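The next block holds one structure in the form of structure tokens; read it before the comments.
The values are calculated or read from the model by the stated rules, or taken from the named source; none is laboratory data. In this text, all values refer to a predicted model and were calculated from it rather than measured experimentally. Neighbour counts run over all protein chains shown; Cβ positions are idealised from the backbone, glycine included. The protein model used for the area step is the full one, side chains on, heavy atoms only, and it has no ligands, DNA or RNA in it. Shrake-Rupley method; radii C 1.70, N 1.55, O 1.52, S 1.80 Å.
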Amino acid sequence: MTRPTPPGGAPWPPQQPWQPQQQQPQGWQQPQPYPQQQYGPPRQGPPPPPPKGKKFLFWLVPLVVAVVTAAVVVPIALSGGDSPQDQAAPPSATPGSAGGSPKVKWELSGAKQDVPEYKNGITTWLHGDDLVVVRDKYVAAFTRADGKRRWLAEAPGSKVFCGTGVEPVDGKIVLAFGKAKADKEDGSCDNATILDLKDGKLGWQVPMVVPQKMQDRVVSVEAVVTQIMGDVVFVTADQGYAALDLATGAIKWTKTFSRKADGEDTCAGHDMMPRDGKAIVVASCLTGDFSVTALQIDPATGNVELEDSVPHSGYSISGIGLLSVKPVLAYGSNTEEGTYFLFDDNLKLKSKIDGGKPNTEEELDGATSQGFGHSTSGTEHHPSAIIVEGDTFYTPTRTIGGQVNKLVAVDLNTGQRKWTASVPEGTIQAPIKIVDGQILAQVGPVYNTGPQRTVKIAVADGKVTPFLEAQIRNSEQDDTGPIPGFYRYLWADDRVYAVAGRWSNLTADVFLLQAE
């Protein structure tokens, strides 16, 4: 969820020692305070974030987001809290480290021409020893140990990439590409190609005509999810879905979405993730008495094997996304409430969990893009700011007007909030990963003058411990730094990798937080 700096605001109060903002269990010890720092007055913030909803193109008006940033200098990483004994060791001695050579602190920015220009990011992964970024104009792999670019693959024929898989499979991904939108023309996303992540070489390139119930949708679909599953590539594209032969790209079968509960057939898939060789899809239909529909589809045949639909509760649902497949957890919202939908292994609705009223302090993060923009078709997968593990999910609340927000642990069985945790003068952007019973969570400043931080939050009780901190600034004449909500955060090699989802030639495109 994008959490830009609020307009206006008062200067920061002097920074105080850590006071985690939740009730602590008996025997709790206050963690080590961050170093005292002085920051300048707050900066006028960027415009509000785009709405979270994802719908059919004929339900939405495209949004334009203006991003105002300034030049960046190389950050100074500071350590805090726990100091694992192996953090200073070379990667070859550190489990999960990249490359077998000593880690160096690096940063990429458009200002230094470290990365080619693009408009929007699509996704990013950790793969092998690389950080792979998928942008509309290119895909690039950077060696995580030193940030050197290994390869770059541009979109074919001066077109743009517009969709890709949830995750690489056997070192390969399939990318959709098409014509970029012009001022008065629709874009398209009607071709596919396969990419080898070893060397960045593109393989077959084929037209990809996915059928639509509304015929004009064939050329106006703007984003797709493509996932390698067995010997086929499963594709969802708005109102239709299809399978391509993995070896050649040839279309094996095509179908359109429908809903068994009431026979509606003007429907669209909003998100897809693989589960045990099957495709789990969440969809909705233009009319009828149901909101979210969950389906399990056999990618070899296109047959729907499992299906269940959730009745409407007064308002139509938008912003639909798939958050997890083990267990199957989906999200949708309307003007009155956000809701998490939990399905059992047979895809029968198990429970609905209150996600809070939209645009309030208590709203839980839904199907957001974590810094990477949503297209207007709604058919794409973005890892949301949520971790689902066991019988609990962990996600932040929305930040309103630059306020400190919270990370919330929610019991999947009861829907009750187990605990909440907050960070002084911080906005929790996302939980990144659970390591040894601790959630690593990325924390941005309330105003752009503050430091970027990573904290540890205990899964048992929400106890907060400082971990990593870096003051990342723009130009030397500007006390502000990158807008944290425009980045996605990944953890590997005892580092946090922050990857931008929007291009700017004035601020960091990739920056790191690490222990010295």
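Okay, here's what the table says:
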quantity	calculated
Residue under evaluation TRP503, criteria (1) surrounded by fewer than 24 Cβ atoms within 10 Å (Cβ to Cβ); (2) within 24 Å of VAL408 (Cα to Cα), criterion not met	(2)
Some residue of segment 460-483 being within 20 Å of SER384 (Cβ to Cβ) and open to solvent by 10 Å² or more (accessible area, probe 1.4 Å)	no
Set GLY338, GLY373: member being modelled with pLDDT under 95, in contact with a Pro (Cβ under 8 Å, 6 or more places away or on another chain) and open to solvent by less than 20 Å² (accessible area, probe 1.4 Å)	GLY338
Condition broken by SER158, with the remaining ones in (1) at pLDDT below 95; (2) farther than 14 Å from CYS189 by Cβ; (3) open to solvent by 20 Å² or more (accessible area, probe 1.4 Å); (4) in contact with a strand residue (DSSP E or B) (Cβ under 6 Å, 6 or more places away or on another chain) satisfied	(4)
Subset of segment 241-266 [closer than 16 Å to PRO211 by Cα and either among the aliphatic types (A, V, I, L, M) or buried (at least 24 other Cβ atoms within 10 Å of the Cβ) (or both)]	TYR241, ALA242, ALA243, LEU244, ALA250, ILE251, PHE257
Flag for LEU490 being buried (at least 24 other Cβ atoms within 10 Å of the Cβ), of a type outside the set (Gly, Ala, Ser) and at pLDDT 95 or above	no
ILE428 modelled with pLDDT under 95, of a type in the set (A, V, I, L, M, F, W, C) and either open to solvent by 10 Å² or more (accessible area, probe 1.4 Å) or not in a loop (DSSP other than H, G, I, E, B) (or both)	no
Any hit, segment 361-368, residues being closer than 20 Å to ARG488 by Cβ, open to solvent by 30 Å² or more (accessible area, probe 1.4 Å) and touching a residue at least 60 places away in the same chain (Cβ under 8 Å)	no
Segment 279-298 residues that are in a strand (DSSP E or B), paired with ones that are buried (at least 22 other Cβ atoms within 10 Å of the Cβ) and of a type in the set (Asp, Glu) (beta carbon under 8 Å, 6 or more apart)	VAL281/ASP271; VAL282/ASP271
